[in-house]
1. Roughly to the nearest percent, how much of the accessible area of the chain is carbon and sulfur, given a 1.4 Å probe?
2. For residue 87 and residue 75 in one chain, what is 0.36 nm times their gap in residues minus the Cα-Cα distance, to one decimal in nm?
3. When the Kirkwood hydrodynamic radius is evaluated over all pairs of different C-alpha atoms of the range 51-187, what value in angstrom, to one decimal, is obtained?
4. Using only DSSP helix segments of four residues or longer, with each worth -39500 (n - 2.57), what per-residue ellipticity at 222 nm results for the chain after dividing by its residue count and rounding to 500?
5. What does the charge count around residue 102 come to, taking other residues whose C-beta lies under 12 Å from its C-beta (Lys +1, Arg +1, Asp -1, Glu -1)?
6. Please work out how much length the chain gains when fully extended from residue 168 to residue 6, using 0.36 nm per residue of separation minus the C-alpha to C-alpha distance, in nm with one decimal.
7. When ligands, DNA and RNA are left out and all protein chains stay put, how many square angstrom of accessible area per residue does the chain have with a 1.4 Å probe?
8. Would you rank 157, 164 by solvent-accessible area, highest first, keeping every protein chain in place and using a 1.4 Å probe?
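The values are calculated or read from the model by the stated rules, or taken from the named source; none is laboratory data. Only a predicted model underlies this, so the values are computations on that prediction, with no experimental measurement involved. Glycine also receives a Cβ, built like all others from the backbone with ideal geometry; neighbour counts cover every protein chain displayed. Ligands, DNA and RNA are excluded from the accessible area calculation, which covers all protein heavy atoms including side chains. Shrake-Rupley method; radii C 1.70, N 1.55, O 1.52, S 1.80 Å.
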Amino acid sequence: MHDDRERVANLLGATALAITDDLLSAPASASRLSMSAAAALIVLRADPGVSVTELGRRVGLTQSAAVRMVDGLERDALVERRRTIGNWTGVHPTAKGRRTAGQLLTSRTSQLTGVLDGLGDTEIRQLGTLLAKLLDGLYQGSGSADRMCRLCDRAACTPDGVECPVGAADRAAARAAAGDRARTDHG
């Protein structure tokens, strides 16, 4: 069994690397954006108005790198900063930015569905179940749903009321943390 576990882990690593290589080239072929900038547009499409700092956190950039990235996206007319209450400024995609994010998601989806072409319907459902389980475990290790899902097509993840496994793990962790706080407050 140990040999099977190592073999499957190795196969998973090779698969993950091959898919990652393809996905890393998607922003370059769909646009002239870096992976971080592409992720930022996709994040903003789903959650417009986050701060530069929060956007950087979600795409894995330092605050200063996030500022530079947003400056570049703004120069390209893909995003705009909007001042709201006090000194708080949110980043919003422009119409061009939303279109570009849609193109990026379409390119990503096309590449990923192509990976599944060699599988039958039953195998795809089984893989979906296994991936949901793996994502739950990965969430437990990272605790960052926003970061894990920065390139996700949220509509594709939750068709017909299907629950996103990362979102479910995030909500369960939040409930557990709230329960822990309540026990500490009353204990």
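1. Result for the chain: 56 percent of the exposed heavy-atom area is carbon or sulfur.
2. Length gained between residue 87 and residue 75: 2.2 nm.
3. Answer for the range 51-187: a Kirkwood hydrodynamic radius of 17.8 Å.
4. Result for the chain: -23500 deg cm²/dmol, rounded to the nearest 500.
5. Net charge in that neighbourhood comes out at +4.
6. Going from the current span to full extension adds 55.4 nm.
7. That works out to 63 Å² for each residue.
8. From most accessible down to least: 157, 164.
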